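Visitor: Encoded as structure tokens, here's the structure I'll be asking about.
Each value in this text was obtained by applying a stated rule to the coordinates, not by laboratory testing. Computed from a prediction, not measured in an experiment: that's the story for all the values here. Cβ atoms come from the backbone with ideal geometry, glycine included; neighbour counts cover every protein chain shown.
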4 protein chains.
Amino acid sequence: MSFYIQSVEIGGPRPFYLLGPCSLECESFVWEMARSIKSIAEKMDVPLIFKASYDKANRTSVTSFRGPGVKEGCRILAEIGKELNLPIVTDVHTAQEAEIAAEYVDLLQIPAFLCRQTDLLEACAKSGRAVNIKKGQFLAPWDTVNIAEKMRAFGCDRFMMCERGTTFGYNNLVVDMRSLYWMKQEGFPVVFDATHAVQRPGGLGGTTGGDSELAPVLASAAMATGSVDGVFMEVHKDPSKALSDGPNQIPLHLLEGVLKRLQAIHQAVRSC
Amino acid sequence: MSFYIQSVEIGGPRPFYLLGPCSLECESFVWEMARSIKSIAEKMDVPLIFKASYDKANRTSVTSFRGPGVKEGCRILAEIGKELNLPIVTDVHTAQEAEIAAEYVDLLQIPAFLCRQTDLLEACAKSGRAVNIKKGQFLAPWDTVNIAEKMRAFGCDRFMMCERGTTFGYNNLVVDMRSLYWMKQEGFPVVFDATHAVQRPGGLGGTTGGDSELAPVLASAAMATGSVDGVFMEVHKDPSKALSDGPNQIPLHLLEGVLKRLQAIHQAVRSC
Amino acid sequence: MSFYIQSVEIGGPRPFYLLGPCSLECESFVWEMARSIKSIAEKMDVPLIFKASYDKANRTSVTSFRGPGVKEGCRILAEIGKELNLPIVTDVHTAQEAEIAAEYVDLLQIPAFLCRQTDLLEACAKSGRAVNIKKGQFLAPWDTVNIAEKMRAFGCDRFMMCERGTTFGYNNLVVDMRSLYWMKQEGFPVVFDATHAVQRPGGLGGTTGGDSELAPVLASAAMATGSVDGVFMEVHKDPSKALSDGPNQIPLHLLEGVLKRLQAIHQAVRSC
Amino acid sequence: MSFYIQSVEIGGPRPFYLLGPCSLECESFVWEMARSIKSIAEKMDVPLIFKASYDKANRTSVTSFRGPGVKEGCRILAEIGKELNLPIVTDVHTAQEAEIAAEYVDLLQIPAFLCRQTDLLEACAKSGRAVNIKKGQFLAPWDTVNIAEKMRAFGCDRFMMCERGTTFGYNNLVVDMRSLYWMKQEGFPVVFDATHAVQRPGGLGGTTGGDSELAPVLASAAMATGSVDGVFMEVHKDPSKALSDGPNQIPLHLLEGVLKRLQAIHQAVRSC
């Protein structure tokens, strides 16, 4: 039931990592981040898919930074992927964006709020690209089965489901680690998004807050369940200056240590 | 701070009602429902906005009924509105749909999952039509202030916020009645959607369940808070045969009784 | 299925009210509150059960005020009841307290945290007094059926269940108004505790916060469901000086207006 | 800040385990379980505290098995502890029980529903024994600070806090793994109760359900957070025949494998 995105096996024995900055703040910044992250992933010998977003389509405030847009963003990402020999993942928000992005990137990502929009699922499924579907904050783990059936009905088997937390009271999310186990039982590859799982939605008034020191804690816990195929984490060379999701991104200089711990946990779990 | 949609005052002393079947099952059916509901609203002397959806864009299953689509659906709704002299409300799911629907209907409704999609808010705000924004199941009541600011930034003052329940564990929603009070304090008109508030999302496996006998109970409670300007309820002549949301719609023959009770509660609250 | 506590019918056509200050701050204070509340209840012609607590057994902090204890507290309450011809309700926390309190007061109240302690339920059930059981913040509405079965197994039919909110994320409660409907369907009288339902547990660091202006809002909503037999509200002549639960108690000078509104809503609902 | 219970260090570098059957079903059964578990703990070289309950004081139904009571139960447990050279932990439900149990056992455990009952905390704190306080299903992680302050005010420093899940909608609990991190930051030893965290409270009508295959999954996740000092798990030689909590207990024959995995994860986390 595993499949490949370039040389990265999805759902195989080795965990893969979706890493990159939240957004395409500027071209030179993304290149720098991609080179740095690639070098750490190679040192740690872990499969990497590089991530960045061309548009933050549901920012809390209308004055927030959004990004360069789908065409320009995907062009930059495709160049990075080609030059550095890395598969690329990016978010898409409409059927049209899915069609455009599919020409450039290897893995389309469906944002959590949009995971039940049939037209978007259909466009991604029919694009020929692999798809990472974030489970909505309003869905039960077993509700992802209906989404999987939509994907298959539209002819796509190369998809994975991503846990990123569930609504828990107001301005808070909780990660139910049982969710990873239940989704894995359904037979599709499972990703854990450690960055967005520690968000405090709307928690800072006009922006969304979070606890970046908790992202590696939850990633460790998720890896220890033995049900996770991939881990998604946003990484920034200076989170305090990030144009979006600053409070949740992992500082670049900590990435190597985080990966080392996750790999060690994975080893421990698989060997028992 | 009140405004008018045709002759219906939004945010004034009298409560208004958004009533109609969940979806445009077929042309003759919607005409029949519109005439029946209009006649009951006139008998009860309550302001009515007629509602039906041309597309159910996030059905649980890909084989579920969706509807006639935006152009054909809005054409039908516009004819009904003109002939019966009723303002019309319908859901829109993308910026393009908002532009098309705005040519035909009086009130655009933004679905809860999409309430933070900036492009959709912008298209609705700039359409010149009034907008009813459903609060996402993942939002705190006070988070609607950020949405309101987006609307105003895009030049729209004729909007209202709609409570339809918050994620509460798995496959369940809860209506926090304090939410109506808090949203009303923010200064925009507040609508309570009694139909979707009693949904059990994903609760019936491949479809979404609900408890239609609870819709009038929650509508009554909401009206008694004194913070509600309008009530949204889906009505069907035979909910058991509805092509969507059957378990939550109010049977047509009960509508008059429900309206009578809501009006009596409104009277009681306003007089004390 | 209704029963009487002195002349107050529980579960009959007229709503009854459990009113009084949170705690027995001092003897003269409770007398004053009892006289004032009785006079308002008589003016509004509503059945009254007077409430005060002799011990706050689960205060957030160990330095918080607790009260005069079971014997001295019940002695004072019994004198008030006899002199003013009022039935009395008070909280009990152990089987021994239940036995002592039952000698003095008419209605024993089981706190929410303790609603599943079998020994306490048994002692209350066997005391011969009526019992008001607060539904735990951790229970589903239908779980009260198991508690009711325990009461009946211990020989007690004169009990009622009280809704006071459910845990909703951290430091917050939500009142699911459907709960009142579901509990009423089970056949026992249902009380709504408006004061504790608006608590913010632990919300103010070392004490418990709340929103007293929301207590009448939720009481109104609850009354409008048509499933409520009684309403519990704590009343204080100066909530800002209360020794416990200050943020949630209704100021005495507002009580008449609140009762007037609740009675009007009850009228409206019953007449439709 | 660590302390000792006999030779078991609480809050030191090595994780300890609280293991045993849910209840004292009969004397020979508990002896058998204690010998078996001790033998596995010795083989795995992990510190063990043996657990069993003499009374299940809040069973869902009045006809459920409760146990031999505090005196007889503690006498049996004390003999086991002496003979097998094991520290013993058991639940206490009232101040009186705490005083009696403290004569026999090494570690008193405060049930989650009762974690805010000041008199019980006081009795445990003053007993001279160490205390394990289960965090209520209705408490935020940071609310345990108030409980810790009560314990210290009553003169007790030898206590630990235990996570066992938070109310999440109806008939469900969720473990927020961030809770372990936050509680550990407060400076007291932290225990994770894997057995009760997977309960489905009231989920099976008249009894409480659960998912025992999830207990090791959550224990693994908790251990991987790096914030857990001890793990509590109920173990039964045949969970399907257990007189209480059957659906959640770990079968004895799986215990060695579970401990091996937890130790391996602990190694992995501490070495990175």
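Visitor: Cα gyration tensor of chain C, axes a ≥ b ≥ c as square roots of the eigenvalues: rounded (a/c below 1.5), prolate (a/b > b/c) or oblate?
Guide: Rounded, because the longest to shortest axis ratio a/c is under 1.5.
Visitor: Given the peptides D:192-198, A:106-112, arrange them by the average over their residues of other C-beta atoms within 10 Å, most packed first.
Guide: With the highest mean Cβ count within 10 Å placed first, the list reads D:192-198, A:106-112.
Visitor: Right, here's the next one. Between C and D, which C residue has the Cβ nearest their rotation axis, distance in Å?
Guide: C:T167, 2
Visitor: Before anything else, pin down the relative contact order of chain D: Cα pairs under 8 Å, at least 6 apart, normalised by residue count, whole percent.
Guide: 18 percent
Visitor: Sticking with this structure for a sec: Between B:W31 and C:R14, what is the spin-label point distance in nm, taking each point 7 Å from the Cα along the Cα→C-beta axis?
Guide: About 5.6 nm, to one decimal.
Visitor: Rounded, prolate or oblate for the stretch B:71-208? Axes are the square roots of the Cα gyration tensor eigenvalues, ordered a ≥ b ≥ c, and the cut-off for rounded is a/c under 1.5.
Guide: Oblate is the answer for the stretch B:71-208, as a/c is 1.5 or above yet b/c matches or exceeds a/b.
Visitor: Measuring from label point to label point, each 7 Å out along Cα→Cβ, what is the A:S39 to D:K82 span in nm?
Guide: Using points 7 Å along Cα→Cβ, the separation is 6.8 nm.
Visitor: What are the residues whose amide H is under 5 Å from the amide H of D:A52, where those residues sit 5 or more places off or on another chain and H is modelled from the backbone?
Guide: Hits under the 5 Å cutoff: D:V89.
Visitor: Which translational diffusion coefficient, to the nearest whole µm²/s, is obtained for the stretch D:30-69 from the Stokes-Einstein equation, given a Kirkwood hydrodynamic radius over C-alpha pairs, 20 °C and 1.002 mPa s?
Guide: 177 µm²/s
Visitor: Which of D:Q249, D:A102, D:I88 sits farthest toward the positive end of the charge dipole of chain D, with +1 on the Cβ of Lys and Arg and -1 on the Cβ of Asp and Glu?
Guide: Result: D:Q249, furthest along the dipole toward the positive end.
Visitor: Given B:K56/B:K260; A:K38/A:K260; B:K56/B:K150, which pairs have Cα atoms separated by over 21 Å?
Guide: Those over the limit are B:K56/B:K260; B:K56/B:K150.
Visitor: Taking amide hydrogens as modeled 1.01 Å from N in the peptide plane, which residues meet the under 5 Å criterion relative to D:Y170, leaving out close sequence neighbours?
Guide: Amide H neighbours of D:Y170: B:Y170.
Visitor: With the crude spin-label approximation of a point 7 Å out along Cα→Cβ, what separation in nm comes out for B:E186 versus B:W142?
Guide: Spacing of the two 7 Å Cα→Cβ label points: 1.1 nm.
Visitor: Based on DSSP, what percent of beta bridges with both residues in the protein assembly as shown are antiparallel, to the nearest 5?
Guide: Percent antiparallel among DSSP bridges in the protein assembly as shown is about 20.
Visitor: For the stretch B:1-132, go through all pairs of different Cα atoms, get the mean of 1/r, take its inverse, and jot down that Kirkwood value in Å.
Guide: The answer is 15.1 Å.
Visitor: Taking R0 as 22 Å, what FRET efficiency do you get between D:S61 and D:S240 from their Cβ-Cβ distance, rounded to the nearest 0.05?
Guide: So, using R0 = 22 Å, E works out to roughly 0.75.
Visitor: Taking K and R as +1 and D and E as -1, what net charge do the other residues with C-beta under 12 Å from the C-beta of B:G81 add up to?
Guide: +1
Visitor: Can you give the Kirkwood hydrodynamic radius for the stretch B:163-272, in Å, rounded to one decimal and based on Cα pairs?
Guide: 14.4 Å
Visitor: Quick one: of the DSSP bridges fully inside the stretch D:1-99, what percent are antiparallel, nearest 5?
Guide: Given both bridge residues lie in the stretch D:1-99, the antiparallel proportion sits at roughly 35 percent.
Visitor: Then there's this: Provide the packing ranking of A:126-135, C:9-18, i.e. peptides ordered by the mean count of other C-beta atoms within 10 Å per residue, highest first.
Guide: A:126-135, C:9-18
Visitor: Continuing with this model, one more query. May I ask you to order D:237-246, B:258-267 by the average number of other C-beta atoms within 10 Å around their residues, highest value first?
Guide: B:258-267, D:237-246
Visitor: Averaged over peptide A:136-145, how many Cβ atoms belonging to another chain are found within 10 Å of each residue's Cβ?
Guide: 6
Visitor: Would you mind telling me the antiparallel percentage of the DSSP bridges in chain C, rounded to 5?
Guide: In chain C, DSSP labels about 20 percent of beta bridges as antiparallel.
Visitor: Quick check: net charge around A:V198, other residues with Cβ under 13 Å of its Cβ, Lys/Arg +1 and Asp/Glu -1?
Guide: Summing Lys/Arg as +1 and Asp/Glu as -1 gives -4.
Visitor: While we're on this one: In debye to the nearest 20, how big a dipole does chain A give about its Cα centre with +1 on each Lys and Arg Cβ and -1 on each Asp and Glu Cβ?
Guide: So the dipole magnitude of chain A works out to roughly 320 debye.
Visitor: On the principal axes of its Cα set, how long, how wide and how thick is the stretch A:74-117? Give whole Å, largest value first.
Guide: Principal axes ranked by extent give 34, 17, 12 Å for the Cα atoms.
Visitor: Search the structure for amide H atoms under 5 Å from the amide H of C:E234, placed 1.01 Å from N in the peptide plane, and list their residues when 5 or more places away or on another chain.
Guide: When sequence neighbours closer than 5 places are left aside, the close amide H contacts are C:T195, C:I250.
Visitor: Among the complete DSSP H segments of chain D, which ones combine at least 18 Å of alpha-carbon extent along their axis with a mean Kyte-Doolittle hydropathy of -0.5 or more?
Guide: D:27-44, D:70-84, D:252-271
Visitor: Also: From the Cα gyration tensor of the protein assembly as shown, with a ≥ b ≥ c the square roots of its eigenvalues, which class applies: rounded if a/c is under 1.5, or else prolate if a/b is larger than b/c, or else oblate?
Guide: Oblate, because a/c is 1.5 or more while a/b does not exceed b/c.
Visitor: Over its Cα atoms, what ratio of radius of gyration to 2.2 N^0.38 Å does the stretch D:217-272 give?
Guide: The value comes to 1.26.
Visitor: Other chains' Cβ within 10 Å of B:119-131 residues: what's the mean?
Guide: Mean shielding by partner chains, rounded to a whole number: 1.
Visitor: Between D:E99, D:E83, D:E256, which gets the highest mean-square fluctuation from a Gaussian network model of chain D, Cα cutoff 10 Å?
Guide: Checking each option, the largest mean-square fluctuation is seen for D:E83.
Visitor: For the stretch D:100-179, what Kirkwood radius comes out of the mean inverse Cα-Cα distance, in Å?
Guide: Computed over the stretch D:100-179, the radius equals 13.0 Å.
Visitor: Here's something else I'd like to know. Report the net charge of residues surrounding A:Y170, where surrounding means a beta-carbon distance below 13 angstrom and charges are Lys +1, Arg +1, Asp -1, Glu -1.
Guide: Taking every other residue near A:Y170 into account, the sum is +2.
Visitor: With n ≥ 4 as the cut-off for DSSP H runs, can you work out [θ] at 222 nm for chain B, using -39500 (n - 2.57) per run divided by the number of residues, rounded to the nearest 500?
Guide: That calculation yields -11500 deg cm²/dmol at 222 nm.
Visitor: What does the average come to when, for each residue of peptide B:213-224, you count the partner chain Cβ atoms lying within 10 Å of its Cβ?
Guide: Mean partner shielding for this stretch: 6.
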